[in-house]
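Some notes on the structure that comes next.
Every number in this text was worked out from the coordinates using simple rules, so none of it is lab data. Model, not experiment: these values are computed from the prediction. Cβ sites come from the backbone with ideal geometry, for glycine too, and all protein chains shown count toward neighbours.
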Amino acid sequence: KEILFATSNQGKVRELKEAFKQAGVNLDIKTNADLDNPPHPIESGKTFEANAKIKAHELADFSGLPTIADDSGLMVDKLNGAPGVRSARYAGEAHNDAHNNAKLLTELGGVPQEERTAKFNTTIVVSMPNHFDKDLVVSGQCEGEIMPGPRGEDGFGYDPLFYVPEKKKTFAEMTTDEKNEISHRGRAVKKLLKELPAWLAQ
Ligand code: ITT
């Protein structure tokens, strides 16, 4: 059975596919890269849920497939929750991880480590074409700290700057499985996997 993961972020794709595989889920996961000229929804919502719904609905309409969308972001306490829903566009519309990370380090320049606390959120929405009243919505969070500089080679986005004290590692120092165990996305996907079979069968 096919399901669309409405994203163009290959890091998200890797993590979701790995989590589904670990759970033994037998679904054929397509992504935006498998579609011909998919639309690029404008993420104009004020919340993760609103933006995830925009993506899920537009791509479900376009593809005719049950569609998963993931809207995620980093909230830094010292920056009053920024970059938040604007995490992808923090350093400008271009959406460039290196620029976003550089901007985050600049904004936190001189802030001592104990005040660099932050939290990641992922909100996942699953939509059935023409039945948006049935949307499935789950979220997951992960608490951590922003490092003074990047550490680790794996992952994507803000991963080299996001340190998880209980693991003594940044996300970029973890394997995909390790990250999924404790990450915002991993936690959201765990909740999703509990509800998805019944939701798909309705
Ligand atoms: P799609 O909308 O196509 O799914 P996107 O990368 O634009 O991809 P978002 O709108 O959710 O996704 O933006 C989230 C931003 O936060 C983006 O800059 C990501 O690189 C970053 N991000 C999301 N999840 C992350 C994670 O697990 N680790 C590090 N950075 C992450």
task: Show the residue pairs that are 6+ apart or on different chains and have beta-carbon atoms under 9 Å apart, the first residue being within the range 18-29 and assigned to a loop (DSSP other than H, G, I, E, B), the second being of a type in the set (Val, Ile, Thr) and crowded, with 16+ Cβ neighbours inside 10 Å.
output: Ala23/Val189; Leu27/Ile3
message: Among the residues in the range 53-67, are any outside any loop (DSSP other than H, G, I, E, B), under 19 Å from Gly155 (Cα atoms) and touching a residue at least 40 places away in the same chain (Cβ under 8 Å)?
response: no
- line: Over the range 129-155, the set of residues closer than 19 Å to Phe48 by Cα and assigned to a loop (DSSP other than H, G, I, E, B) is Asp135
- request: Being of a type in the set (Lys, Arg) and more than 12 Å from the ligand (Cβ to nearest atom) is the filter; apply it to the range 1-31 and report the residue that is nearest to the chain's Cα centre (by Cα).
  value: Lys17
query: Of the residues in the range 50-75, how many are buried (at least 24 other Cβ atoms within 10 Å of the Cβ), farther than 15 Å from Arg89 by Cβ and in contact with a helix residue (DSSP H, G or I) (Cβ under 9 Å, 6 or more places away or on another chain)?
result: 7
- request: With the checklist (1) more than 12 Å from the ligand (Cβ to nearest atom); (2) in a loop (DSSP other than H, G, I, E, B); (3) surrounded by 15 or more Cβ atoms within 10 Å (Cβ to Cβ) in hand, flag the one item Gly81 doesn't pass.
  value: (3)
message: I'm trying to understand the selection: among the residues of the range 50-74, which are among the acidic types (Asp, Glu) and within 12 Å of the ligand (Cβ to nearest atom)?
response: Glu58, Asp70, Asp71
- request: Being among the acidic types (Asp, Glu) and either touching a residue at least 60 places away in the same chain (Cβ under 8 Å) or more than 10 Å from the ligand (Cβ to nearest atom) (or both) is the filter; apply it to the range 32-49 and report the residue that is surrounded by the fewest Cβ atoms within 10 Å (Cβ to Cβ).
  value: Asp36
